[in-house]
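Beneath this line is the structure, given in structure tokens, with notes to follow.
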Amino acid sequence: MSDDPSGGAAAGDDLRENVGQQFGRLPATDADREVEGRATREAVIDFFADRFGIDPAIFADFTFWEKGKGKIWIFADEAPSPISVEGLGMTVLRTRQEHWKPTHSAIQRFGNHATKNVIELDGEAAAAFVRGEDQELDWEGDWGYLIAAHEIGVGPEGRPVRDGTAVERGEREPIGVGLYVYGELRSTVPKGNQESLSPL
Amino acid sequence: MNPLERYAPLVDDTDAFFAACERPLPSVVRVNTIKSDSERVRRALDDEGVAYEPVEWHDGLLGLPDGSPGTNWPYFHGWLHGQEEVSAVPALALDPQPGEKVWDSCAAPGSKTTQLSAMMDDRGVVVGNDNNLGRLSSLRHNAERLGVTNLVVTKQDGRNFSLKPFGFDEFDRAIVDAPCSCEGTIRKNPDTLDEWTLEHVHSVAAVQKGILSRAVQATKPGGTVVYSTCTFAPEENEAVVDHVLETEDCEVVDFDCPLDSVSGVTEWEGDSYDRSVERTHRIYPHLNDTGGFYCAKLEVTG
């Protein structure tokens, strides 16, 4: 997991306080920080690269913003900072806590670019995850936040020709964010998105 | 008396019109191209055993005859959004391009707004405005679910909308899908006409004129403004367009309506409207087995 870069030396006396009701653009790097405790663009992009292997180039054309304490938003264009509006793009990450947590919507939108810490779920496990259930599963990798994914809508060209042949990664679709601890995958699918679906 | 009776003189086949208004509306979804494509959605629905029917005029719309469009895997992934056929028309008329600045004055709950974002490949800016906090929350929820990143959500009165928060001072395009008396949604909401009064039609028309005027003012010369409602009342349709033709710098332009439609009316209950409103489109429920709709495309001239 990425360390929270807000702790420690950067919080000098001359930094402004974060204002909850407006969006402030993330500074490019620690050296550019003007608002106390605010994550940097660099740290956000590093988080997705370090944790999930998402190529930083994926985020090259987006800007990152903070509203409220630690809630990071991703926006497709430029805007003046600060800006007082109700929404600016999509929520992407929760910072200002020990373990940063990517949002459900961010993982559904960008998680298909992930190359690590992706746990593939089969039919019933995927359905249980979407219902919001925790389940005991084997996982050899790191504990912490994982991308739960499954195969869906696989085209004829992507279908395995025999058992054990991997499908194209493009046919693996992120379902949401799971927290893996103590041999258990905990679903963090938001209540409003949970659904009872038939296993594929 | 059924308020729809007043439109009988405008309709070619009144029996078919009234019969269609009695039938429930077919369930239709739009494929969200920000996250998927029609081919993959169809394969996924096949795998899941969910029945669907193509919508002839648009590859990205599917009829789901078994109902509950929100309970399947593609929907969970944000690949689908419930949106009836006529509701897909105004965004097509607006034809927004990637990278542009677009204003959606009455955006919530966001079917058309998110369609605009998808048509723009989620690049540029869609400013989605609404004046109701509860409706804005459903707009936000839908945009997140569909993976939209180019949407700015604002809560202002569309009639005096301010561009002050943004780093630009005019839009390339604007869409006014106005609050209206919703007569055309009778197939979806059978009790929608229970509260109908002519006073309400007139009061909502005043709001519509205010918002459409602001949309024309906020759009650059040469830019496009689309006006739409889901109602039949000429007071809320041609009369509103006629008003802005008189008060603002704009003109009606043609667009290819992908559904069968008839021309806007130039005379109604003693009033007459600018001839050019004949280039606007009325969609009656019996013409395509859809909801009722009105759509006009304007070009800003001044």
* Structure fact -> Picking from B:L151, B:L163, the residue that is within 12 Å of another protein chain (Cβ to nearest Cβ), within 19 Å of the chain's Cα centre (by Cα) and either surrounded by fewer than 17 Cβ atoms within 10 Å (Cβ to Cβ) or closer than 21 Å to A:F23 by Cβ (or both) would be B:L151
* Say we look at the range B:186-225 and pick out the residues that are at pLDDT below 95 and of a type in the set (V, I, T); which of these is farthest from B:V252 (Cα to Cα)? -> B:T192
* Asked: Is the range B:270-279 home to any residue that is more than 14 Å from B:D242 (Cα to Cα) and either without any contact (Cβ under 8 Å) to a residue 24 or more places away in the chain or not assigned by TED's automatic domain parsing to the domain that holds B:N189 (or both)?
  -> yes
* From the list B:D260, B:D289, B:D256, which one is without any contact (Cβ under 8 Å) to a residue 12 or more places away in the chain, surrounded by fewer than 16 Cβ atoms within 10 Å (Cβ to Cβ) and under 20 Å from the mean Cα position of the chain (by Cα)? -> B:D256
* The lone exception for B:G78 - which of (1) within 11 Å of another protein chain (Cβ to nearest Cβ); (2) surrounded by fewer than 22 Cβ atoms within 10 Å (Cβ to Cβ); (3) assigned to a loop (DSSP other than H, G, I, E, B) it fails -> (2)
* To do: Can you give me the number of residues within the range A:155-192 that are surrounded by 11 or more Cβ atoms within 10 Å (Cβ to Cβ), touching a His at 6+ places or on another chain (Cβ under 9 Å), at pLDDT below 95 and at the interface with another protein chain (Cβ under 9 Å from one of its Cβ atoms)?
  => 0
* Structure fact -> Just one listed residue, out of A:G20, A:G37, A:G24, is within 14 Å of chain B (Cβ to nearest Cβ) and without any contact (Cβ under 8 Å) to a residue 60 or more places away in the chain, and it is A:G24
* To do: Specify the residue that is surrounded by the fewest Cβ atoms within 10 Å (Cβ to Cβ); the eligible residues are those in the range B:263-286 that are of a type in the set (S, T, Y) and in a loop (DSSP other than H, G, I, E, B).
  => B:T266
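The values are calculated or read from the model by the stated rules, or taken from the named source; none is laboratory data. Treat the numbers as computed from the prediction; the structure is a model and nothing was measured. So basically every Cβ, Gly included, is an ideal-geometry build from the backbone, and we count neighbours across all protein chains shown.
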